[in-house]
Structures are given as C-alpha cells and as structure tokens.
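A.B. asks: I have a structure here, written as structure tokens, and I will follow up with some questions on it.
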Amino acid sequence: QVQLVESGGGLVQTGDSLRLSCAASRRTFVGYTMGWFRQAPGKEREFVARITWSGGNPYYAESMKGRFTISRDNAKNTLYLQMNSLKSEDTAVYYCAKDVGPGTSLAYEYDSWGQGTQVTVSS
C-alpha cells in the first residue's frame, strides 16, 4: 500500500525554483513530524528539512537554509518543499518520509519512504 507519493520534480536551470509535493495517506501523516531527504548518484541519503505536525519549528540542513522552505497542509495530508535559487549540487532524487524517532535528521529514524521525485538542475 502506497503511503507517500512525491511529485513536482523536473529539469530546471541554475537559479530557478521548484515546489515539491508529497501526498500522504492519513495514517501516515496525522500527528507526525515529516521530513524531506535527497540522494544524489553515488552519495548517501541526505537530510533536507523536517516539520512538526503543528507546522512549527521547521528545521533545515545548513546548506538549504534561506533557499528551501518546508510546509504542510494537514487538511490535505500533503507536505511541500519550496526550493528557490537552485544550484547544480541540488540535483538529486528527493524523498519524503515520516519521522518515527525522537525528531532528528537521521534517515534511519524515518519510515514510509515514497518513491522519490527527480530534481535536475543544469548550469
């Protein structure tokens, strides 16, 4: 049973913007902190951002601060990632996931991973 479905990726140029969406089943979304991760070819999965159920205390990886914004619409069971000023190093598959740990940036404390959406930034 598919629980998380990412969308919104694509091919863009340096400096462009994209908004990613993650549609979740209710039981995967309600009450949980949700996070975005990304994985570039040949690299480990990397934390991007997370947001609590209330929408407060969004937390970002250092390299994403000021460029990316995580948000959620609890009425729609949907998580978002607004990405601005994209760089070639942002090229990766982006995943959303549910935080089942104490609220960290560690991938092994997340589950219900989606299939990912590819973001390619050309220079």
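The values are calculated or read from the model by the stated rules, or taken from the named source; none is laboratory data. Here the structure is a predicted model, which is why all the values come from computation and not from measurement. Here Cβ is always computed from backbone atoms with ideal geometry, including for glycine, and neighbour counts include all displayed protein chains. For accessibility, only protein heavy atoms count, side chains too; no ligands or nucleic acids. Shrake-Rupley method; radii C 1.70, N 1.55, O 1.52, S 1.80 Å.
A.B. asks: Measuring with a 1.4 Å probe in the full set of protein chains, what accessible area per residue, in whole Å², belongs to the range 17-110?
C.D. replies: 48
A.B. asks: For the chain, which span is the longest to avoid every loop-located (per DSSP) member of trypsin sites (Lys or Arg not before Pro) having at most 15 other Cβ atoms inside 10 Å? Numbers along the way, then the final one.
C.D. replies: On the way: sites that count: 43, 65, 67, 76, 87.
Answer from the scan: 1-42.
A.B. asks: Near residue 43, which lysines are there with a Cα under 25 Å away, not counting those fewer than 8 places off in the same chain?
C.D. replies: The reachable lysines, counting only those whose Cα sits under 25 Å from residue 43, are 65, 87, 98.
A.B. asks: Sticking with this structure for a sec: Only helical DSSP H runs with n ≥ 4 go in: add -39500 (n - 2.57) per run for the chain, normalise by residue count and round the 222 nm mean residue ellipticity to 500 deg cm²/dmol.
C.D. replies: Helix-only estimate at 222 nm: -500 deg cm²/dmol.
A.B. asks: Ordered by residue, what ³J(HN,Hα) values in Hz, to whole numbers, does the range 91-107 give under the Karplus form 6.51 cos²θ - 1.76 cosθ + 1.60, where θ = phi - 60° and Gly and Pro are x?
C.D. replies: 4, 4, 8, 9, 10, 10, 7, 9, 7, 10, x, x, x, 10, 10, 8, 4
A.B. asks: I'd like the GluC sites (Glu not before Pro) in the range 36-114 restricted to DSSP loop residues with at most 15 other Cβ atoms within 10 Å, sorted by number.
C.D. replies: The qualifying sites are 44.
A.B. asks: Whose amide H sits under 5 Å from the amide H of residue 110, counting only residues 5 or more places off or on another chain, with H placed in the peptide plane?
C.D. replies: So residue 110 has HN proximity to 100.
A.B. asks: Averaged across orientations, what area in nm² does the convex hull of the alpha carbons in the chain project?
C.D. replies: 7.0
A.B. asks: Counting only protein heavy atoms, what percent of the accessible surface of the chain is carbon or sulfur at a 1.4 Å probe?
C.D. replies: Answer for the chain is 48 percent, counting heavy atoms of protein chains only.
A.B. asks: How large is ³J(HN,Hα) for each residue in the range 10-25, as worked out from phi by the Karplus curve 6.51 cos²θ - 1.76 cosθ + 1.60 (θ = phi - 60°), to whole Hz, x for Gly and Pro?
C.D. replies: Along the range 10-25, the couplings run x, 9, 9, 9, 3, x, 6, 10, 9, 10, 8, 10, 9, 8, 10, 6 Hz.
A.B. asks: Dipole magnitude of the chain about its Cα centre, charges +1 at Lys/Arg Cβ and -1 at Asp/Glu Cβ only, in debye to the nearest 20?
C.D. replies: Once rounded to the nearest 20, the dipole reads 280 debye.
A.B. asks: Sticking with this one: In the chain, if the dipole is taken from +1 on Lys/Arg beta carbons and -1 on Asp/Glu beta carbons about the Cα centre, which of 118, 5, 39 is farthest to the positive end?
C.D. replies: Of the candidates, 5 comes out farthest on the positive side.
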